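Student: There's a structure below that I have some questions on.
Every read-out reported here was derived from the displayed coordinates using simple, explicitly stated rules and does not represent laboratory data. Source: prediction; values computed, not measured. FYI the Cβ positions are ideal-geometry reconstructions off the backbone, even for glycines, and counts take in every protein chain you see.
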């Protein structure tokens, strides 16, 4: 039931101008859940590089230019997420940016 409308509304997924939207349940909707999972996987993908570079202090095969470009893109995704108040984008890109900053700092330190 839509609050205050007196109408029952079935629980469905619809394609709207903002993409796939769920009106089911009170908890996290499917789209946000999907966003959090995608963000977690892409963010965690950098963790082995951070750990390896920190342990071995070997960064000779890491491209500083690539990580700087990636950092700029992730920063813009973060700003975009803030502008549209999309928590999966904000959280995952904040953590990803921190991992990238660590890799860049290791690259500069251990050239």
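Student: Taking the number of other C-beta atoms within 10 Å as the exposure measure, put 42, 56, 96 in order starting with the fewest. Could the numbers behind the result be given before it?
Tutor: Values: 42 14, 56 10, 96 23.
Listing 42, 56, 96 from fewest to most nearby Cβ atoms yields 56, 42, 96.
Student: Considering the Cα trace of the range 37-109, what is its radius of gyration and what is Dmax, both in angstroms?
Tutor: 12.7, 40
Student: Would you mind computing, in nm to one decimal, how far apart the modelled labels at residue 38 and residue 63 are, each placed 7 Å from Cα along Cα→Cβ?
Tutor: 2.4 nm
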